[in-house]
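What follows is a set of notes on a single structure, which appears directly below.
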Amino acid sequence: MLRLSQGHLNVLETCPRKFQHLYIDRLGSPNDPKLQESGEWGNRFHLMMQQQELGLPIEGLLREDTALKEAIAALKTAAPHLFESQPDSFREAEHGRSLIVCDRWLTVIYDLLIATPQSAQIIDWKTYPQPKQPKWIEQNWQTRLYLYVLAETSDYEPEQLSMTYWFVRLPDEPQSLTLTYNRQKHEQNHRDLINLLSQLDRYLEQYRNDNLPFPQVPTTQQDRCDRCAFAALCQRPTPQPERDWSSTLDEVSEIPL
Ligand code: SF4
């Protein structure tokens, strides 16, 4: 049984052939040094926030990383409530959940979950500036899957759930974007998820039984191939062949939006 995360769903929806290259054929893709550096800083930020939530000391670690120290201090100033536990609330960093849909194991890990008797909020840290198109974030599978799984695995009504992204990257002030949820969005997510997973079943069957590769993005949309590491393999034009941008919220952090 394939375990699928939001990252898998984003790649599958954006380009099934890329999904095949990355996760079925395991071809991997070259790392962009800038993305790698940005990813390491993001990982350290996430680790510090988790340590802090667990009540572990972080001052010693922050002493050697001024940028990280300042970013956390700026977040504390902008959103002190994120650091304060309320009497009747449940909080957990790196909170994991999973759910089986269409024989696929879907997994999510929330950077922070804050739940009260009335509502539950998923918090996600992003260590890059806020993208200019909130609609794009709402449609990304990270938002959709995270809220969907929480609604399916808890007693909360969809209307009681929300997801807040905090964009934390100096020198900008921390900014947040909260996305609400409701029954209509939940049902739409369910339909889209079933469709996507059914497509995956079909592609896998054709690939294994008939050696038919997963579909490429149509040539009418092949600007999506411009910065893909597999462009040469797919015989698509490569204006910027050295770049590889995937389609998850985390991995597109450096794309100017
Ligand atoms: S080059 Fe285009 S078709 Fe090929 S994997 Fe990348 S995005 Fe998909």
| request: Could you check how many residues of the stretch 214-238 are open to solvent by 30 Å² or more (accessible area, probe 1.4 Å) and out of contact with any helix residue (DSSP H, G or I) (no Cβ under 6 Å at 6 or more places or on another chain)? | output: 15
| request: Working carefully through the options ALA79, ALA93, ALA67, ALA73, find the one that is in contact with a helix residue (DSSP H, G or I) (Cβ under 6 Å, 6 or more places away or on another chain) and within 18 Å of TRP166 (Cα to Cα). | output: ALA93
| query | Looking at the stretch 10-26, which of the residues that are more than 8 Å from the ligand (Cβ to nearest atom) and not in a helix (DSSP H, G or I) is surrounded by the most Cβ atoms within 10 Å (Cβ to Cβ)? | reply | ASP25
| said: When you scan the stretch 163-176, do you find a residue that is of a type in the set (Lys, Arg), out of contact with any helix residue (DSSP H, G or I) (no Cβ under 6 Å at 6 or more places or on another chain), open to solvent by 10 Å² or more (accessible area, probe 1.4 Å) and within 25 Å of ARG104 (Cβ to Cβ), even just one? | reply: no
| said: Suppose we filter the stretch 107-161 for residues that are within 16 Å of SER176 (Cα to Cα), polar (S, T, N, Q) and exposed (fewer than 14 other Cβ atoms within 10 Å of the Cβ); how many remain? | reply: 1
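Is at least one residue of the stretch 56-76 within 19 Å of TRP141 (Cβ to Cβ), charged (D, E, K, R) and at pLDDT 90 or above? Quick ask: steps written out before the conclusion?
Applying the first criterion (within 19 Å of TRP141 (Cβ to Cβ)) to the stretch 56-76 yields none.
Checking the stretch 56-76: not a single residue is within 19 Å of TRP141 (Cβ to Cβ), charged (D, E, K, R) and at pLDDT 90 or above.
The values are calculated or read from the model by the stated rules, or taken from the named source; none is laboratory data. Everything numeric here is computed off the predicted structure, so don't read it as measured data. Using ideal geometry, Cβ is built from the backbone for each residue, glycine included, and neighbour counts are taken over all protein chains shown. Only protein heavy atoms, including side chains, enter the accessible area calculation; ligands, DNA and RNA are left aside. Shrake-Rupley method; radii C 1.70, N 1.55, O 1.52, S 1.80 Å.
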